[in-house]
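Here the structure comes first, spelled out in structure tokens, and everything after it is commentary.
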2 protein chains.
Amino acid sequence: MPVRLKDIANDLNLSQMTVSRVLRGHIDVSPETKARVLQRVKELNYRPNVVARSLRTGYTSTMGLIVPSLRETYASELAKAVDKTIRAAGYELIVCLSEDGSASEQRNVELLLAHQVDALLIVSIQESTTFFQGLSHKQKVPLVFINHKSPDSIDNAVFVGIREVDVGRIATEHLISIGCRRVAYLRGPRTYIGDLRYTGFRDALRDAGLPHRPELVIDGLGAETSEYRRGFDGMLRLASGKRRLDGLVAYTDMMAVGAMDAAQSKGIDIPKEIAVIGSGNEVRLCEMRIPLSSIDTAGYEVGQSAGRTALRRISGAAGSGARNVLVPPKLVLRRSSTR
Amino acid sequence: MPVRLKDIANDLNLSQMTVSRVLRGHIDVSPETKARVLQRVKELNYRPNVVARSLRTGYTSTMGLIVPSLRETYASELAKAVDKTIRAAGYELIVCLSEDGSASEQRNVELLLAHQVDALLIVSIQESTTFFQGLSHKQKVPLVFINHKSPDSIDNAVFVGIREVDVGRIATEHLISIGCRRVAYLRGPRTYIGDLRYTGFRDALRDAGLPHRPELVIDGLGAETSEYRRGFDGMLRLASGKRRLDGLVAYTDMMAVGAMDAAQSKGIDIPKEIAVIGSGNEVRLCEMRIPLSSIDTAGYEVGQSAGRTALRRISGAAGSGARNVLVPPKLVLRRSSTR
DNA sequence: ATGAAAGCGCTAACAT
DNA sequence: ATGTTAGCGCTTTCAT
């Protein structure tokens, strides 16, 4: 039987209200009673029942975060950042995984709403947004979409993400800036994000007045093999035949590592003959063998922004803050692209 | 304003009770009323307020999981497994991170208890267990300690973990079984777990009648460098001088990868001259370059057991099930130890 | 098969 | 500075 407010009040011949006031740091309490209460609280190891509090106040001081997975460094950094940010403001985070696809995501949304979370942050994998539009009818809970643009028609929704186009662009511009003229690209999956980054790659070439050479873009390496393998085989294909290249942008760090291994096996010098850059800045991978330059996709910063945005939405008036927050990716230089 | 039970009841000229009964699948309701209720529930998109329900019933259908971090594959597999397991039984999981050390862990415990979780699962980083002993006085919430033995004095606590000694033992026995006679060991940190695995290594040597050669145990490679670097340098030290070795057990996969790279740089053939095995079975790492044999530390299975144990403790009588569940590690063979 | 009343532990609003 | 009353949305208990 846990200790209740009433127990403390009875013990001290006070009303529940006085005890409640002490616990919430109200001013209107005499120092002596305050001290008495705090002591008894400590003695009995009292913990307020937040369920009861929530029912009464209508606020749970809890937010929900839904992510497809936590396996990737990116996702776990993001979750950590959201957690830290909102916790500093007295909120807690419930993390839900939607690994089993969009049905699982929808169930999690329902669940978190049933739990009366004060805000909902979602790294969505939904193709369509109709599900969320349906929600907004009755619910006024702030919705923060992460890395996946939110439907404009939902007026309590905001979007926080990274400037995906810049991921491809900055990587490519960097290679060009160190003298690369024939930059190859190991393309990722044909997703919304994958396509944006590829656009950035092409934009950078165009802006530098360089031609876009389709033969230097490796695509369709089956997702059935590992990323390492795809990077390895991609580089082999690039290095074979007569398609010369002097720079390589890889969609992920693991693909870049695979590509560098393949280059090494062919006796190609990195960075002298081919400069390489990945994305994700997964430190453990980037610090192996030839240290790998990479585009940091700023998981922590995105999480921080998302957390702050949610806090703002909860407290502030409806229109507080921007509806779209875009965090810039960061270039991290290491040996693989140093000349 | 969210829809309440009362709204549905009023709409249909029923009492709240009837509606409540329908929603909880009670039998004593006529098919017609049931249908009417369900339809209205759907129309209004009603979601039961679990906060109110919890306050009334005393159960939240929620468990808390505290982990130091989710960056490692192991931890995220574990969390996923716990989540899946308990969710199938109608429970939800609140994941808390204790990255900032044991103070942060303790805050999380308080927090989750304040949230009235029905069970608490902890991958603890506490040195001492006095904190938890203090808890058990008033709290009867089931406590499941993961990978860190629980104090016997806490009677609502159970322990679920992996047989750490066997991690070192199985790896070593495997190398011996393929003919290695001079097995080296890249030792991990001097922690509880690190020491248990080292014990397994020595046990295996002893049982096979092989001498324990201290010069083949690499230790004290500063944690200030990356794991890759430590593995790399460790192998260089082993390969230099006259300490011959024909097998290597590494504390982590990343150390093994570093060691294999160092071996390659010295022209040493793996697995022919030196067979290598890691631990953790981090697939992304194990499938790079020379595929790495590894001891799978069964994060998913441990999580599953932990979840099941928690469920059993919640429903069953106090004494249900074993107080200690030990999951065996699994040997995963790949090329690095195939002869 | 359905309903009325009471109460879970807490706090907002209004006394005193 | 402290106390009283009422009620958050639901379910348990006891009617009918």
Original post:
Can you list, shortest first in nanometers, how far A:P328 lies from the same residue in the other copies, with each label 7 Å from Cα toward Cβ?
Top reply: 5.7
**OP:** Would you please name the GluC sites (Glu not before Pro) within the range B:195-272 that are DSSP coil residues with at most 10 other C-beta atoms within 10 Å of their C-beta?
**Re:** B:E224
Original post:
What are the nm distances, shortest first, from A:R237 to its equivalents in the other copies, labels at 7 Å along Cα→Cβ?
Top reply: 4.4
**OP:** Could you work out, residue by residue across A:87-100, how many beta carbons of other chains sit within 10 Å of that residue's beta carbon, and then give the average as an integer?
**Re:** 4
Subject >> Prolate/oblate/rounded call for the range B:5-48, Cα gyration tensor, a/c under 1.5 rounded >> reply: rounded
Subject >> Inter-chain shielding of A:281-290 (mean C-beta neighbours from other protein chains, 10 Å cut-off) >> reply: 4
Original post:
Number of Lys-Lys pairs in chain B under 20 Å by Cα, sequence gap 8 or more or different chains?
Top reply: 7
Subject >> Charge dipole (debye, nearest 20) of the protein assembly as shown; +1 at Cβ of Lys and Arg, -1 at Cβ of Asp and Glu >> reply: 140
Subject >> Whether chain B is rounded, prolate or oblate, judged on the alpha carbon gyration tensor where a/c under 1.5 counts as rounded >> reply: prolate
Subject >> Between the range A:152-198 and the range A:247-308, the Cα center-to-center distance that results, in Å >> reply: 14
**OP:** Please get the size of the charge dipole for chain A, origin at its Cα centre, with Cβ charges of +1 on Lys and Arg and -1 on Asp and Glu, quoted in debye to the nearest 20.
**Re:** 540
**OP:** Enter the angle in degrees (range 0 to 90, nearest 10) between the Cα long axis of helix A:227-239 and the first principal axis of the Cα atoms of chain A, meaning the one along which they spread out most.
**Re:** 20
Original post:
Could you work out the helix-only [θ] at 222 nm for the protein assembly as shown, with each DSSP H run of four or more residues adding -39,500 (n - 2.57) and the total divided by the number of residues, to the nearest 500 deg cm²/dmol?
Top reply: -13500 deg cm²/dmol
Original post:
Counting only Cα, what are the radius of gyration and maximum Cα-Cα distance Dmax of the protein assembly as shown, in Å?
Top reply: 28.4, 91
**OP:** Between the label point of A:A223 and that of the same position in each other copy, find the distances and list them shortest first in nm, with every label point placed 7 Å from Cα along the Cα-to-C-beta direction.
**Re:** 3.8
**OP:** Return a whole-number percent for the relative contact order of the range B:5-48, with Cα pairs under 8 Å and 6 or more residues apart as the contact set.
**Re:** 35
Subject >> Max mean-square fluctuation residue, GNM over chain B, Cα-Cα springs under 10 Å, options B:A81, B:A103, B:A275 >> reply: B:A103
**OP:** Partner chain Cβ atoms within 10 Å, averaged over the residues of B:112-119 - can you pull that number for me?
**Re:** 4
Original post:
Over what distance in Å are the Cα centres of the range B:1-43 and the range B:209-228 separated?
Top reply: 67
Original post:
What is chain B's relative contact order, in percent, from Cα pairs under 8 angstrom and six or more apart in sequence?
Top reply: 17
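Read-outs: derived from the displayed coordinates by stated rules, not from any lab. What you see is a predicted model, and the numbers here were worked out from it, not measured in a lab. All Cβ positions, glycine included, derive from the backbone under ideal geometry; neighbour counts span all protein chains shown.
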